[in-house]
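Novice: Submitted below is the structure of interest, expressed as structure tokens.
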Amino acid sequence: MPTQWTINLATPVDLSAQPYHDHLHAFACGFFQEGDEAHHADDKPFTARLQGPPDKCAGVILSWLPDTPPPATGIPQRLRFGAHWCEVTEARIQRIPLERLTDSVPARRVRLMVTTPAKFRQHGRDYPLPDPYLIYSTLARRFRSAGGQATDDDVRELSRTALLYAHNIHTEPYTWHGARSAGFLGTISLGLPRTAPPGVSRLFATLNGFMVIAGLGHGTTHGLGSTELLQQ
């Protein structure tokens, strides 16, 4: 089951004026004791996100996704984001059973808030739009890598039939790896047609719950694609 650490800071820090994504990624790699080879891998078994918006960062949330024991880790006394050193006051750990991901997620329609820039990689290019096919096909691949169970037929059917019902998004630029890029921020409403089979509906709810832990799209180890579930 995924394991999640919430690391609180003594005082909120404003990271909005500097590119923090690479610093967050470096901290997460060090926390999970990833070597140089794993540091540059495309698919990593963890995600990282800020607690709160960048201008009022209150901490860091790290998630180890596989259904295997996480590496032995030590909670640091301070975190570094560029020129900022932040004192750590508290750290909490929780385990999240994959079978409980659907407990609070609707089976047919969901409304999500994307709180940090989200994008996908499509044909070698950045694609900063909430395409349902890309959302659920990439989530299913990562869910399976984490030990989740999903049949090929259900994954194909979900990716093919999921609908984007509404959105209120805008493009948000950001900097990582020394380059400028952009993703989308805002609310999106996703759902299934009434004819969707029960297995597909269950997978839809499961992957939406998993999205809150794993993030959305490309770059979730850098704090990109953070999402929250909203009430309908």
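The values are calculated or read from the model by the stated rules, or taken from the named source; none is laboratory data. Remember, predicted model here, so these are calculated numbers, not experimental data. When we count neighbours, we look across all protein chains shown, and the Cβ atoms used for this are built from the backbone with ideal geometry, even at glycine.
Novice: Looking only at segment 67-104, which residues are under 21 Å from the mean Cα position of the chain (by Cα) and in a loop (DSSP other than H, G, I, E, B)?
Specialist: Those that are under 21 Å from the mean Cα position of the chain (by Cα) and in a loop (DSSP other than H, G, I, E, B): ASP67, THR68, PRO69, PRO70, PRO71, THR73, ILE96, PRO97, LEU101, THR102, ASP103, SER104.
Novice: For segment 165-195, what are the residues that are surrounded by fewer than 20 Cβ atoms within 10 Å (Cβ to Cβ), aliphatic (A, V, I, L, M) and either over 19 Å from THR115 (Cα atoms) or more than 19 Å from the chain's Cα centre (by Cα) (or both)?
Specialist: Matches in segment 165-195: ALA166, ALA179.
Novice: Quick check, is SER159 in contact with a Phe, Trp or Tyr (Cβ under 6 Å, 6 or more places away or on another chain), closer than 24 Å to LEU224 by Cβ and either in contact (Cβ under 8 Å) with a residue 12 or more places away in the chain or exposed (fewer than 13 other Cβ atoms within 10 Å of the Cβ) (or both)?
Specialist: Answer is yes for this residue.
Novice: Oh, and also: In segment 220-232, what residues are of a type outside the set (A, V, I, L, M) and either at pLDDT 95 or above or closer than 23 Å to ILE93 by Cα (or both)?
Specialist: Within segment 220-232, THR220, THR221, HIS222, GLY223, GLY225, SER226, THR227, GLU228 qualify.
Novice: Further question on the same structure: Scan segment 7-27 and report the pairs whose first residue is over 11 Å from VAL60 (Cα atoms) and whose second residue is modelled with pLDDT of 85 or more and in a loop (DSSP other than H, G, I, E, B), with Cβ atoms within less than 6 Å and a gap of 6+ or a chain change.
Specialist: Partner pairs satisfying both residue conditions: HIS21/GLY223.
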